[in-house]
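The structure appears right after this line, and notes come after that.
The values are calculated or read from the model by the stated rules, or taken from the named source; none is laboratory data. Note that the structure is predicted; figures quoted are calculated from it, not measured. Ideal geometry is used to build each Cβ from the backbone, glycine not excepted, and the neighbour counts take in all protein chains shown. What goes into the accessible areas is simple: the full protein's heavy atoms, side chains included, and nothing from ligands, DNA or RNA. Shrake-Rupley method; radii C 1.70, N 1.55, O 1.52, S 1.80 Å.
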Amino acid sequence: MTAIPLRALPTGDVRQILRTRREGPVLTIELNTPEQGNTVTDALLDDLLAVLQGQGPAVRVVVLSGNGDDFCLGGDRGEFTRHLAHDSTGSGIRMSGIKAQRVCDALTTNPAVTIARVHGKVIGAGMALALACDLRVGSEDATFRLPELALGLPTAWGGLLPRLINEVGAARVRELVLTGRAFTAAEAQSLSILQRVVPAHELDAAVAEWARPIVRRPPAALRVTKTLLNSLSAASRLADVSVLDAELMAAVVAESHQARGAG
């Protein structure tokens, strides 16, 4: 496994990039760069992984949400540019992709039940973070989009594509990826990207309604059931090549960058 250094976290709450709140067995993690649309950066991935790895056995539910108008506007394209300026072969982008995979895996395989609470725009990497969660509730005004192809990128981030195909189906995913069109919360629910849609002011109540019975479940039974669900879901995918996401992203971005330089 590739060793990746993580940013040192400040003591107590992660005040800048993430905000965390613990209420008994429920841990809420809020993406907290609303002025940037909660875009995903290396620093956010570092902090998110550190929080998930350090949550402790008493946590039974993890809620992932976003501060501001949008849940997450996707990856930080400026950071991609900086990575390429530092190393045109794409090594920085490759390391970012490995971090993304680890964060999404940490959400999916988390011993606690993970709940995505989404609103506003949910784009690209933001959709991958939501899909990595067990349960997903969205506000009626939420919109979703996979714009990677239009940006010259493959849909290869954090295991998004195999998860999406598993939840939605190959034919529908093909249309969403190739067109890059936006779609509504109602359509996201019909595609099983969301399991529930509510008015924005009812999001917290919907999360609490899910969390209440979950925290009463016997811990061992909950962990085993999650493991079974994840195993059966993975078994339904004939070939999950998401381990190649980081390599694919780095290769495509580096090639495009070099082609522009040659032109």
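Brief remarks on what is shown
- When T155 is tested against the conditions (1) under 14 Å from the mean Cα position of the chain (by Cα); (2) among the hydroxyl-bearing types (S, T, Y); (3) modelled with pLDDT of 90 or more, the lone failure is (3).
- For the range 238-248, the condition of being at pLDDT 90 or above, part of a helix (DSSP H, G or I) and open to solvent by 60 Å² or more (accessible area, probe 1.4 Å) holds for none of the residues.
- Residue list for the range 17-61, filter: out of contact with any Ser or Thr (no Cβ under 8 Å at 6 or more places or on another chain), closer than 28 Å to P213 by Cα and in a helix (DSSP H, G or I): L48, L49, A50, L52, Q53
- Residue match in the range 78-87 (condition: open to solvent by 20 Å² or more (accessible area, probe 1.4 Å), over 16 Å from the mean Cα position of the chain (by Cα) and closer than 18 Å to R117 by Cβ): no
- T227 being exposed (fewer than 15 other Cβ atoms within 10 Å of the Cβ), at pLDDT 95 or above and out of contact with any strand residue (DSSP E or B) (no Cβ under 9 Å at 6 or more places or on another chain): no
Per-residue answers, yes or no, for (1) touching a strand residue (DSSP E or B) at 6+ places or on another chain (Cβ under 8 Å); (2) surrounded by fewer than 17 Cβ atoms within 10 Å (Cβ to Cβ); (3) farther than 18 Å from K226 by Cα:
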site: A125; (1), (2), (3): yes, no, yes
site: V137; (1), (2), (3): yes, no, yes
site: R163; (1), (2), (3): no, no, no
site: V173; (1), (2), (3): no, no, yes
site: T179; (1), (2), (3): no, yes, yes
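- For the range 44-62, the criterion of being touching an Asp or Glu at 6+ places or on another chain (Cβ under 8 Å) and either surrounded by fewer than 24 Cβ atoms within 10 Å (Cβ to Cβ) or not basic (K, R) (or both) is met by none of the residues.
- Just one residue in the set A100, A106, A112 is closer than 30 Å to P219 by Cβ, of a type outside the set (S, T, Y) and touching a Phe, Trp or Tyr at 6+ places or on another chain (Cβ under 9 Å); that residue is A100.
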